[in-house]
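This report refers to the structure that appears directly beneath it.
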Amino acid sequence: MPVIKVDGKDYEVAEGGNLLESCLGLGLDLPYFCWHPAMGSIGACRQCAVVQYQNEEDTRGRIVMACMTPVTDGAIFDLSGERASGFRQTVVESLMVDHPHDCPVCAEGGECHLQDMTVMTGHRDRHYRGTKKTYRNQYLGPLIHHEMNRCITCYRCTRFYRDYAGGTDLAALAAHDHVYFGRHREGTLESPFAGNLVEVCPTGVFTDKSLVHDYTRKWDLQSAPSVCTSCGVGCNTLPGERYGRLKRIHNRYNPAVNGYFLCDRGRFGGTHVNAESRIDFPAQRDSEGRFQALTDEACARALRDRLQGKRLAGIGSPRAGAEANLLLQRLVGAENYASGMADDEHALMQRALAHLVNSTAHNPSLREIESADAVLLLGEDLTHTAARTALALRQAVRNEAHRLAEELRLAPWQDAAIRNLAQDRRSPLHVVCAGSTDLDDIAAGHYRLVAADQARLASDIAAIIRGEARSDGAAARIAADLLAAERPLVLSGPGAGSAALLDGAAAIAEALVAAGKAAMLSFTAAECNSMGQALLCRDSHIALAALASTDAEVLIILENDLLRRLPMASVEALRARIPTWIGIDCLENDTLARCDLVLPAAAFTETEATYINQEGRAQRAFPTHPPAEARRPAWRWLLDLARAAGDRTLSGIGHFDDIGVTLAGEDPLLQGIASAAPDHSFRSRGLKIPRQPHRYSGRTAMRADVSVHEPRQTDDADSALAFSMEGSATTDRPGALLSYVWSPGWNSNQSLHKFQSEIGGALRGEGSGLRLLDSLAVAAATPAPLPEAFSRREQEWLLQARHHLFGSDELSRLGSGIEALTGRAAIYLHPEDASRLGLEAGDGAVIAGAALEVRLDPSQVPGSAGFSTGYPETLALRSGEWVNIDVASDWQRQPELIGSDRGAAS
Amino acid sequence: MLRSLISQLRTLGTVLQHSFTRAETVEYPEQKPYLAPRYRGRIVLTRDPDGDERCVACNLCAVACPVDCIALQQGVREDGRWYPEFFRINFSRCIMCGMCEEACPTAAIQLTPDFEMCEYDRQSMVYEKEHLLIDGTGKYHDYNFYRVSGLKIFGKDKGEALNEEPPVDVKSLLP
Ligand code: SF4
Ligand code: SF4
Ligand code: SF4
Ligand code: SF4
Ligand code: FES
C-alpha cells in the first residue's frame, strides 16, 4: 500500500484511490463539493485544493485538486498550510459572491454542505461589494422545490440525474456565468430518482417540497433506522419525525442494498402515515352497524368475548413485519393461516424462493447486481416494480466502460474521462417485457411479448445455452451476450404473473453456471415482506380461496386489504361464511369496513419489525417515534389477541425480542429474523443510542401547551434506541442502529464518511442485515408447463398488468405529493387495436365493469391490453385474463394537460 | 491583637457611615427602578417596519436556547413568506439569557426590560404567539429580512431585494 506524506506525517492509504478519498478516509477534514463517493471525481468545483511537492527539496510545490490526484507512494502534500487553505477560502468566497441571504428560510439550513464547507474553510467576511446575480425558479412538480439562486455550479445534480440515473429532462442550461440547472420548460421532473437531488445537491437548490411546507430542521428531527416498505427491495431509510408527524425520509446508507440512493416512491410515499384516514382508536360495530370507539378495558373485554374458545383463522400480510405475521401464524395455527398474498402471487413467490435456494447460480445483493457484466431482464418493468434495482442495472451496464478504463489503466473514479472513453458502449442488457420499459434507453435489445411468449423465449434461451437448440433469432442473440460475459445476471419476478417465466429464468441461470459462468439469479418481490411471507409459509399454508371452506369462527386480518387480493365475490362469500372478523390496520380501507372489530395498528414509522427483502435479507426497522393515541404495533395487538384467546405460549411474551426467543426454536429462519439487529440489551459505551440529535430543541416547550410539567421521555424497552437526545451516538455504532448521521463540522449527510471504514465501503459498526437464504432448505419447485404461444382473438383482449411507481402500491400512493402523480387508472392499447374499437387516446373504455382512460402505446402487443395494476378502479382485473373492451358511455375526458403541466399552478 | 481591634472599629465605622448615605434600595413596587432598553426580561416577537411578522420560523432561537424552552412550527404563507404556525415560550423554564435574541437572524425575537411576570399558576407562564407578538419593531427599527433575502414573496420579485440584479435571461447567449 502506498505511503503518502500529508502535513509532514506519513499515512498508509489504499491503492488506486484519489487523495480526497484517502484524506477523508483517514479522518482528515478536506472541503469538497463536486466529488461524490458514488459518482467519482470531475474536478469542477476547485474546493479540494491542496499543495503537492515534487520531492523533499521542492519548497514551492503546486496547487492540485485532491479529488483528481491519484495517491502514489512517496507523494508529499500540504493540506493545512497557508497556501492551500488560503486558496480554498477564496474559492468559497467567490462561490458566496452571488449567494442569497437565505439560510433562515432555506430548507437546507442546518444540514447544508455549503454552510459546513464555508465554516470549514474559515471564510467569514464578505469583501465583495457588488450586486448579486439572481434567477427565476421553475416548477418541478409536486415533490421537488427549486431555488436556483443558491446554486454553486458544482454539477452534482446533472451528474446524478443524467449520468448516474439516466434522466434526460434536467440539464445545465444557458451560458457562461448564467448556467442554470433546470428543465427546458417548467414541469414535473420525470426521473423516478429525482428525489435524490435533495441529498445530492450540496446546497438548497433542490429541496423536499412537502418538507418545505411543513419544515423542521435536521437537528429537530427524531429519527431511527428504518426500512422502506414500498416495495420488495428493502432500501434502508431514515424517517424524520417532529410533533408526531413524519416530516421526511432520507436515505440510510447500506453498502449491500441501496448505497446512497432511494427511489421517489420510497422517499415520498412514506408520508401516508400522516393521512387523515389513519385509525386512532379500537372500535367495534354497534347494533346499527356503526363503529363505536372503545376504551382500553372495553376493548380487552370485547376481545375476550369474541375469541375465547373459538376456532380461529388468520390472514397475514406481505406489508406487515415478520414478527407480527409469525405471531398470527402461531396463534391460529399454520394450517389456518394464509400468507395474505393473492393465491397466484403466493404460488409465484414460493416458486421464486425455491429457485433462489436451490439454484447453483448466486443470489446477488443489490451491490452485486451492479457488478453484472450482462443482464437479462425477464417480464419486469423494473423501474416501476423495484425501482432501486433498475438504478443498479443502470450502473451494471457501465461495467463495459470500466473494463475499457482498466485497459487504459484509468482509475475508476475518473468519471468524466471514463464516460468520454466509453461513449455509448455499454454492457449488454436485454429487456423482455409486455410493453416498453423505462430501461429501454440503455438496453442492447428489447422484446415486447406477452407473458406466455416471454416464458417460451426464456426456455429457448436456456436450451441454446445448454447447446440443445439453435436459432438465429432473439434467443440466440441474448444467449450469445450472456455467454460472452463473466458475471451474467438473470432477473425476473412475479410482475408478469407467469410461473413458467420464473422457471425459464432459473433454467437460464443454471445453464450459465453449467457453462462455467459466475452467473447470478435474482427475483423481485412486490412488497416489503413478500419474501418473508413466502419463507414463513414455505411448509404449510392455506390458500385465501380455501378459507371459506374452513370451519373457523373468527377471522383475524393483519394489515391487509383483501379486496386487493381476492375478487369482490370471494370476499363477500368469506364474510358470509366466517361470523366474526377482526381487522388490524393503520389506514381505513374496505376490508376494515367489513370487520366487526377494528384495532388501530402503528404505521411503519411507529413499530419495530423485521422485513425480508427480495434477496432474503432480514432487516430490522425501529420505530421513529412512539405511536400516538390508542395505536399500537401489530405485534402488540396480536399478543393481546393471544391473551384473550388464552394461548399459553404467546401470553408469556412481553417484549419484542421475546418473540424470537420464545418461538424460534430450531428454525433457522426464525433464528435469523431474531438476530437481524442487536437486541434491546445492546449498549454502546454502556448507554442506549439516542434517536434525537444532541441539539434537539424545544423539549421543555413542545408539550407545554398541554401541561407545563414535562412528562418523562417514553421508555423504549424493546430496543437499544432511546426516544431521547441522551445516550451514545458514536460513529461506530452498529449500522442497524444508525439513527442519524452527524459529526462535528459535518452537519449534512456528507458526514457519512465518518461512519464508514472506507469511502463507499462497510459501515464502521458493521451490520447491513442478515442474508437468510444461504442457510435454508426449501423443496425444489415442480416445473410449470410451458404455456401455448400467444395468438390474438377476434373480440377479446389479453390483459397484462402495468405497474406504476406512483399508484400501484397500496400505501405509498397516499404520500403527500404522490397523489398528484398517480393519475387515472388507464388501459393501454396498440393504436390499431384502439381504432378497431373506435377508441382514441383520452377516451374511456369499460373492462369488466371498470371505466378506464385509454392510452395508446405502439409498444403494446396487438391483441393484448395493459392496465394500471393496483389502482382502486382496477382491483378486479387480473393479468392473463381475456376480456371484452367496450366504449364507456358517459366518460368525461380529462382536460388536455400534458403530464408536466399537472398542478403547475401550485 | 491591636491590629484586629482596629479592623473591627473600622468596620463599625463604615457601617455607621452608611446610615447617612442615600439608600440604593427602592420601595418596589410603588417605586420602579430604571432598566436600560437592553435589560433582559420578558421576550417579545416584533414586527418589521412594514408591520408584518418578522419571525421566519428558522428555529435558530429554539436551538440556541440552553433550556430548550422555545418550540415552534414553520409554515409557508400564501404570499410565500415563512412564518411560525405556532410559537411557544415556556417562561417557567426561561432563564432570560438572551441567547435567542443573539441567534435570531431577523431581529424578531427580543428581550424587553419587563420582568414582572409572576403567576400563581405555573401553566400561565406558557406564552403562545398571540401573547408574544407585539405591534412594533422593538429595539431595531429598520431591519426587514425579506428586503435582503433572495426569497420571492408577494410584492417582491426575484432581483428586487437589496443588492440584487434583475434575474438573468437564461435564453440569452450574449456575454
Ligand atoms: S444553500 Fe446553504 S448556505 Fe445557501 S441559503 Fe441554503 S442553507 Fe444557507
Ligand atoms: S443545483 Fe445543486 S447540485 Fe446542481 S450545480 Fe447547483 S449546487 Fe450543484
Ligand atoms: S426501490 Fe423499493 S424499497 Fe427502495 S426506496 Fe424504492 S420503493 Fe422503497
Ligand atoms: S430565531 Fe428569530 S426568526 Fe428564527 S424562529 Fe426564532 S424568532 Fe423566528
Ligand atoms: S471536489 Fe475536487 S474539485 Fe470539486
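The values are calculated or read from the model by the stated rules, or taken from the named source; none is laboratory data. Keep in mind that what you see is a predicted model, and the values were worked out from it rather than measured. All Cβ positions, glycine included, derive from the backbone under ideal geometry; neighbour counts span all protein chains shown. Note: accessible area is taken over every heavy atom of the protein model, side chains too, but ligands, DNA and RNA are not part of it. Shrake-Rupley method; radii C 1.70, N 1.55, O 1.52, S 1.80 Å.
Can you tell me which of A:566, A:650 is in contact (Cβ under 8 Å) with a residue 24 or more places away in the chain and part of a helix (DSSP H, G or I)?
The conditions single out A:650.
Which condition number does residue A:792 fail, the rest of (1) under 30 Å from residue A:275 (Cβ atoms); (2) open to solvent by 40 Å² or more (accessible area, probe 1.4 Å) being met?
It is condition (1) that residue A:792 fails.
Return yes when residue A:188 is under 30 Å from residue B:75 (Cα atoms), open to solvent by less than 30 Å² (accessible area, probe 1.4 Å) and within 12 Å of chain B (Cβ to nearest Cβ) and no when it is not.
Taking the combined requirement at face value, the residue does not satisfy it.
Residue check: is residue A:683 surrounded by fewer than 20 Cβ atoms within 10 Å (Cβ to Cβ) and away from chain B (no Cβ under 14 Å)?
Answer is yes for this residue.
Looking at region B:20-38, is at least one residue assigned to a strand (DSSP E or B) and more than 16 Å from ligand 2 (Cβ to nearest atom)?
Checking region B:20-38: not a single residue is assigned to a strand (DSSP E or B) and more than 16 Å from ligand 2 (Cβ to nearest atom).
Check A:558, A:562, A:521 and return the single one that is surrounded by 24 or more Cβ atoms within 10 Å (Cβ to Cβ), assigned by TED's automatic domain parsing to the domain that holds residue A:354, modelled with pLDDT of 95 or more and in contact with a helix residue (DSSP H, G or I) (Cβ under 6 Å, 6 or more places away or on another chain).
A:521
Can you tell me which residues in region B:87-103 are outside any strand (DSSP E or B), within 14 Å of another protein chain (Cβ to nearest Cβ) and closer than 22 Å to residue A:705 by Cβ?
B:91, B:92, B:93, B:94, B:95, B:100
If you check A:633, A:690, which single one turns out to be open to solvent by less than 10 Å² (accessible area, probe 1.4 Å), modelled with pLDDT of 95 or more and out of contact with any Lys or Arg (no Cβ under 8 Å at 6 or more places or on another chain)?
Just one listed residue meets the conditions, A:690.
Just one of A:738, A:773, A:752 is away from chain B (no Cβ under 14 Å), under 22 Å from residue A:675 (Cα atoms), crowded, with 20+ Cβ neighbours inside 10 Å and within 25 Å of the chain's Cα centre (by Cα); which is it?
A:738
Would you be able to tell me the number of residues in region A:524-555 that are polar (S, T, N, Q) and open to solvent by 20 Å² or more (accessible area, probe 1.4 Å)?
Total satisfying the criteria: 3.
For region A:91-103, check the following and say yes or no: at least one residue is surrounded by fewer than 20 Cβ atoms within 10 Å (Cβ to Cβ), over 30 Å from residue A:818 (Cα atoms), more than 14 Å from chain B (Cβ to nearest Cβ) and away from ligand 4 (no atom under 16 Å from the Cβ).
yes
Residues to consider are A:168, A:118; find the one that is more than 29 Å from residue B:59 (Cβ to Cβ) and modelled with pLDDT of 95 or more.
Criteria check complete, one pass: A:168.
Restricting attention to region A:45-87, and to residues there that are free of Cβ contacts under 8 Å to residues at least 60 places away in the same chain and aromatic (Phe, Trp, Tyr), which single residue is nearest to residue A:113 (Cα to Cα)?
A:87
Quick check: anything in region A:271-281 over 20 Å from residue A:586 (Cβ atoms) and of a type in the set (Asp, Glu)?
no
Find the residue count for region A:145-185, including only residues that are more than 10 Å from every other protein chain (Cβ to nearest Cβ), of a type in the set (Asp, Glu) and either within 16 Å of ligand 4 (Cβ to nearest atom) or open to solvent by 20 Å² or more (accessible area, probe 1.4 Å) (or both).
Matching residues across region A:145-185 total 1.
Check region A:493-506 and report whether any residue there is in a helix (DSSP H, G or I), of a type outside the set (D, E, K, R), modelled with pLDDT under 95 and farther than 22 Å from residue A:370 by Cα.
Within region A:493-506, one or more residues are in a helix (DSSP H, G or I), of a type outside the set (D, E, K, R), modelled with pLDDT under 95 and farther than 22 Å from residue A:370 by Cα.
Name the single residue, out of those in region B:138-160 being touching a Lys or Arg at 6+ places or on another chain (Cβ under 6 Å) and open to solvent by less than 70 Å² (accessible area, probe 1.4 Å), that is farthest from the other protein chains (Cβ to nearest Cβ).
B:153
Just one of the numbered conditions (1) touching a strand residue (DSSP E or B) at 6+ places or on another chain (Cβ under 6 Å); (2) crowded, with 21+ Cβ neighbours inside 10 Å; (3) of a type outside the set (Gly, Ala, Ser) is not true of residue A:596; which one?
Failing condition for residue A:596: (2).
Is there a residue in region A:193-207 that is within 14 Å of another protein chain (Cβ to nearest Cβ) and part of a helix (DSSP H, G or I)?
The answer is no; no qualifying residue exists.
Return the residues of region A:115-144 that are touching a Phe, Trp or Tyr at 6+ places or on another chain (Cβ under 9 Å) and away from chain B (no Cβ under 14 Å); say none if nothing qualifies.
Passing the criteria: A:116, A:117, A:120, A:140, A:142, A:143, A:144.
Where in region A:232-329 are there strands (runs of 3 or more DSSP E), lying wholly inside it, with at least 2 residues that are open to solvent by 10 Å² or more (accessible area, probe 1.4 Å)?
A:236-242, A:245-251, A:283-285, A:291-293
How about region A:232-243: which of its residues are within 14 Å of another protein chain (Cβ to nearest Cβ) and either at pLDDT below 95 or out of contact with any His (no Cβ under 8 Å at 6 or more places or on another chain) (or both)?
A:242, A:243
Which one is surrounded by the fewest Cβ atoms within 10 Å (Cβ to Cβ), of the residues in region B:39-77 that are more than 8 Å from chain A (Cβ to nearest Cβ) and among the hydrophobic types (A, V, I, L, M, F, W, C)?
Residue satisfying both the conditions and the ranking: B:64.
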